[in-house]
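Q: Here it is: the structure, laid out below.
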Amino acid sequence: MLEVVGELSEADRIRSIIRDDESKTVEFKETFSHCLHQDKREKKVERSSLKTVVAFLNSDGGTLLIGVTDDNRVVGVDLEIEKYFNGVPDKFLLHFKNSIRSKIGEQFYPFFSYDLVEVDGKQVLAVHCQSADAPCFMDKKEFFVRTNPATDLLEGEK
């Protein structure tokens, strides 16, 4: 009801999405580029988030929340921003944008939006995707789609 009258804050919208859990149109990632197991920056961790964006673009759209655990806890990306971007959120956002540009392509910019949202004192990167009007490939070769609640690579006849 509050959303209808425009009084629901962006943080409240994010909390509502988290409460509803992961689904075909919602995915949580704890970090964007920080590998928790090796305590360092890893491209394979970034790839996980980027393939989710591709899958949303190739499916019905969706929301990716980075800084939220699979068990619905808000942990934020603050540590990552501090550790790799000198505590400057804009540098983190620029890195995210550049990753999208290099791995997915600028032609898909109109189909998604992203921003840092403070939720419970922590920064969460919220990425909202629409279904794209053309097929989207990661690295110009990998086609991902979203299935309930997973991201699948389609190859060959699929």
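The values are calculated or read from the model by the stated rules, or taken from the named source; none is laboratory data. Predicted, not measured: the structure shown is a model, and the values here were computed from it. Counting neighbours? That spans all protein chains shown, and the Cβs are built from the backbone with ideal geometry, glycine included. Just so you know, the surface numbers come from the protein's heavy atoms only, side chains and all, with ligands and any DNA or RNA stripped out. Shrake-Rupley method; radii C 1.70, N 1.55, O 1.52, S 1.80 Å.
Q: Looking at the structure I just gave you, is SER23 touching a strand residue (DSSP E or B) at 6+ places or on another chain (Cβ under 6 Å) and in contact (Cβ under 8 Å) with a residue 60 or more places away in the chain?
A: Working: touching a strand residue (DSSP E or B) at 6+ places or on another chain (Cβ under 6 Å): no; in contact (Cβ under 8 Å) with a residue 60 or more places away in the chain: yes.
No; evaluated as a whole, the condition is false for this residue.
Q: Please pick out the residue among LYS24, LYS40 that is farther than 17 Å from MET138 by Cα, open to solvent by 40 Å² or more (accessible area, probe 1.4 Å) and over 15 Å from the mean Cα position of the chain (by Cα).
A: Working: LYS24 fails: over 15 Å from the mean Cα position of the chain (by Cα).
Only one candidate passes the filter, namely LYS40.
Q: Would you mind stating whether ARG146 is within 21 Å of ILE14 (Cα to Cα) and without any contact (Cβ under 8 Å) to a residue 60 or more places away in the chain?
A: Taking the combined requirement at face value, the residue does not satisfy it.
Q: Which one of ALA134, ALA150 is exposed (fewer than 12 other Cβ atoms within 10 Å of the Cβ) and aliphatic (A, V, I, L, M)? First the steps, then the outcome.
A: On the way: ALA150 fails: exposed (fewer than 12 other Cβ atoms within 10 Å of the Cβ).
Selected residue: ALA134, the only one of ALA134, ALA150 that is exposed (fewer than 12 other Cβ atoms within 10 Å of the Cβ) and aliphatic (A, V, I, L, M).
Q: Suppose we filter the range 68-86 for residues that are in a loop (DSSP other than H, G, I, E, B) and within 15 Å of the chain's Cα centre (by Cα); how many remain?
A: Total meeting the criteria: 6.
Q: Would you mention how many residues in the range 19-37 are closer than 24 Å to HIS95 by Cβ, at pLDDT 95 or above and not in a strand (DSSP E or B)?
A: Residues in the range 19-37 being closer than 24 Å to HIS95 by Cβ, at pLDDT 95 or above and not in a strand (DSSP E or B): 4 in total.
Q: Name the single residue, out of those in the range 93-122 being more than 13 Å from the chain's Cα centre (by Cα) and within 20 Å of THR69 (Cβ to Cβ), that is least open to solvent (accessible area, probe 1.4 Å).
A: Checking each candidate, the answer is VAL119.
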